[in-house]
1. Could you order peptides 132-141, 188-197, 336-345 by the average number of other Cβ atoms within 10 Å of their residues, highest first?
2. Which residues' amide hydrogens lie under 5 Å from the amide hydrogen of N543, considering only partners 5 or more residues apart or on another chain, with H built in the peptide plane?
3. In degrees, nearest 10, range 0 to 90: what is the angle between the Cα axis of helix 111-124 and the longest Cα principal axis of the chain?
4. Short version: ³J(HN,Hα) in whole Hz for each residue of the stretch 622-629, in order, from phi by Karplus 6.51 cos²θ - 1.76 cosθ + 1.60 (θ = phi - 60°), x for Gly and Pro, what are they?
5. Taking a spot 7 Å from the Cα of N583 along the direction of its beta carbon, which residues of the stretch 96-133 have an amide N less than 19 Å from it?
6. Within the set K433/K474; K222/K562; K90/K120; K491/K569; K120/K649, which residue pairs have Cα atoms separated by over 22 Å?
7. What's the magnitude of the charge dipole for the chain around its Cα centre, counting Lys and Arg as +1 and Asp and Glu as -1 at the beta-carbon? Answer in Debye, nearest 20.
8. Could you order peptides 267-276, 89-98 by the average number of other Cβ atoms within 10 Å of their residues, highest first?
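The values are calculated or read from the model by the stated rules, or taken from the named source; none is laboratory data. All values reported here derive from a predicted model rather than from experimental measurement. In this analysis, Cβ positions are derived from the backbone assuming ideal geometry, glycine residues included, and neighbour counts consider all displayed protein chains. The area values use the complete protein model at the heavy-atom level, side chains included, leaving out ligands, DNA and RNA. Shrake-Rupley method; radii C 1.70, N 1.55, O 1.52, S 1.80 Å.
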Amino acid sequence: MNFLFPSFLFALFTLSIPIIIHLFHFRRFKKVYFSNTSFLSFIKNEKKTKNKLKHLIILILRLLAIASLVFAFAQPFIPVKNMNSTTGQKSVSIYIDNSPSMNNISSEGSMLNEAKNTAKEIIKGYENNCKFQILTNQLSVKEQRFYSQEKIIDFINGIKSTSLTKNINTIINRQDELLNSSNSSNKISYLISDFQKSSSNFRKTNKDSTIHRFLIPVSAVKYNNLFIDSAWFDEAVLQYNQSVTLKVKIKNNTEKAIENSTITLKLNDKQKAIANFSIPANQNKTIDIPFSLTNKGWNKGLLNIDDYPVVFDDNYFFSFHVAKKIKILQIFKETPQNYIKTVFKTDSYFEFEEITSGKINYSSFEDYSLIILNELESISSGLTTELNEFVKNEGNILFIPSSDKSISIKSYNQFLKHFRAGHFEKPLEKKLKVISINHQHQLMDGIFEKIPKNLNLPVLEKYYPHKYSKLSSKTSLLKLENGESLLSINKVEKGNLFILNTSLKEDWSNFAKHAIFVPLLYKTALYTQNSTNISYIYSLNKNVSIITSSSLANEIYHIKHKEIQFIPKQRNNRGKLNILFDNNFNEAGFYQLIDDKRIKTNNNLAVISLNYNRKESELETYSKNELSAIVEEKGFTLLYGSPKIIGNKIKQLKQGKALWKIFLLSALFFFLTEILLLRFWK
């Protein structure tokens with residue numbers, strides 16, 4: 001047992017006062033006059049013994065009462081094992097989890113409010129000269145400093161929920177750094193959280209004997225949550241006035257099945273579709289929402305379901321672009337066949353241009369979605385380099401070899417090697433038939449409504465044998481009967497290289513006149529128009545790349561979100577704009593990209609859709625037994641209870657188990673016993 005104010009123990013000298021009084025009282029004699037004392041001898045002896053016993057008991061009671069009072073004022077306590085020294089200045093770091101999951105409901109109301117109230121009670125349990133520091137998931141600059149008791153309470157009152165999530169190890173490491181940088185002899189850290197398993201991995205947490213760490217779990221009344229996990233388009237190409245299907249994955253993290261719930265789709269602030277769904281308990285389901293694309297340019301979509309109390313994941317924002325026109329460039333040596341020109345010139349959706357290989361303007365490549373190399377005799381290294389940049393910026397290339405005997409296969413192969421697309425061998429004159437179509441590839445989606453059993457496919461008379469290495473990313477779209485490909489697609493950076501292994505001339509193949517030629521050419525031009533993500537995840541995605549124009553390389557781009565406008569961190573390289581997600585991207589929703597010229601018109605260069613991280617939607621937390629195992633292994637102290645209970649426990653842990661109340665009650669008991677004894681013992 002220790003004493004908080006041991007100097008009060010000097011008052012134990014007062015115990016001598018009742019002893020002295022009682023000793024003098026015992027020596028006093030009283031004369032009794034009686035005619036015959038022989039009759040009083042027995043009574044006298046008996047009374048004398050009883051008086052001595054009575055006075056002795058009263059003396060003991062008074063000594064105990066005075067000693068109890070002295071001990072009470074000295075404030076005795078039993079120190080807590082392994083607790084840091086109670087002397088010297090204390091530095092206290094408190095982490096308040098303000099992630100989206102903390103908006104759930106606890107027995108005290110909002111889990112975040114309970115966490116804030118708990119932090120306040122902890123602070124009240126310390127002396128005024130202690131230094132306090134608060135951490136949240138923002139880890140802002142002002143959270144890196146220590147404050148007084150008064151200022152830290154104001155800081156706590158201003159904490160609000162955020163979409164940011166941090167792994168518990170990140171928080172612990174930051175607390176350790178800040179506490180170890182202080183000069184305090186006592187370093188104490190508190191972690192107040194729901195301790196979700198998805199974000200609370202204690203494996204990398206190391207023990208630190210210089211810091212006393214506390215875990216304080218905040219529990220929800222129910223851990224039920226229905227949320228939209230993700231969404232994507234089934235189609236590889238989004239084309240104006242066409243029907244598309246939006247795939248939506250919904251998760252049911254509840255113990256009950258969801259029956260006949262509703263999800264709504266808004267497109268450009270107008271309700272577009274409604275779908276009903278049912279999901280078994282603790283399962284997920286992907287539902288289809290079909291609709292028509294009736295708006296060109298950027299479209300803003302919003303999915304919504306109703307679920308309470310965790311609502312941050314009930315909305316899902318997405319955006320996509322439907323091109324007004326698709327620009328195509330054909331490069332040729334001499335006058336080409338009209339097959340390709342005929343396909344694209346008849347449709348106003350395509351803007352078709354062609355140019356000879358001697359008049360190429362490399363700076364204009366970024367304006368096109370598809371570049372067709374049609375029967376060039378050779379491909380220069382300069383053209384290869386520029387095409388490589390074009391592909392990096394999500395462009396597509398269609399390579400059609402020449403039928404001319406004077407072609408340079410060497411330059412062809414240097415071009416193919418640059419894209420890791422194998423190499424050509426000398427052309428073979430051999431009749432081959434296409435025997436299969438890769439219907440599993442997105443490019444082939446929608447070409448056939450129904451595939452006939454005896455499908456008439458293109459026939460070749462001559463072709464270039466095409467050999468691939470194991471490192472290539474080739475996918476065959478049309479396969480010949482000898483196992484080689486007539487048409488293949490090679491993924492290169494963010495774009496694609498399509499390779500046709502034959503010429504379009506009639507003496508080489510009937511491919512240009514076959515029914516499959518037109519839809520395949522259309523699909524090639526449209527492919528990857530939807531390559532940009534329709535949504536991004538806050539705190540998971542770090543940036544977004546947007547294709548602009550090299551002529552706008554010196555422009556300053558702005559982001560507009562609701563009524564807020566700011567200039568984001570950005571890098572512009574040859575028409576590829578890289579927007580970095582900084583702290584300004586702090587809320588789910590639509591972020592419109594505009595440049596200086598479009599600020600007044602609100603004409604968007606792009607629309608970036610941001611959603612909260614669905615990791616927070618997985619509400620599974622550590623159980624009491626699991627946390628107990630963690631604290632035993634990692635050296636934490638585990639505390640449970642309401643804010644008031646936690647505050648009292650902190651006071652006990654800080655001062656030990658206080659005993660002054662017990663001694664005060666004991667003093668009252670001894671005084672009361674003495675009074676009763678004097679009154680009734682005659």
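1. Descending mean neighbour count gives 188-197, 132-141, 336-345.
2. The list, which skips near neighbours in sequence, is F581.
3. It is inclined by approximately 40 degrees.
4. Values, residue by residue: 5, 6, 4, 5, 5, 5, 4, 5 Hz.
5. Output list for this probe position: 96-100, 133.
6. Table pairs above 22 Å Cα-Cα are K222/K562; K491/K569.
7. So the dipole magnitude of the chain works out to roughly 4460 debye.
8. For the peptides 267-276, 89-98, the packing ranking is 89-98, 267-276.
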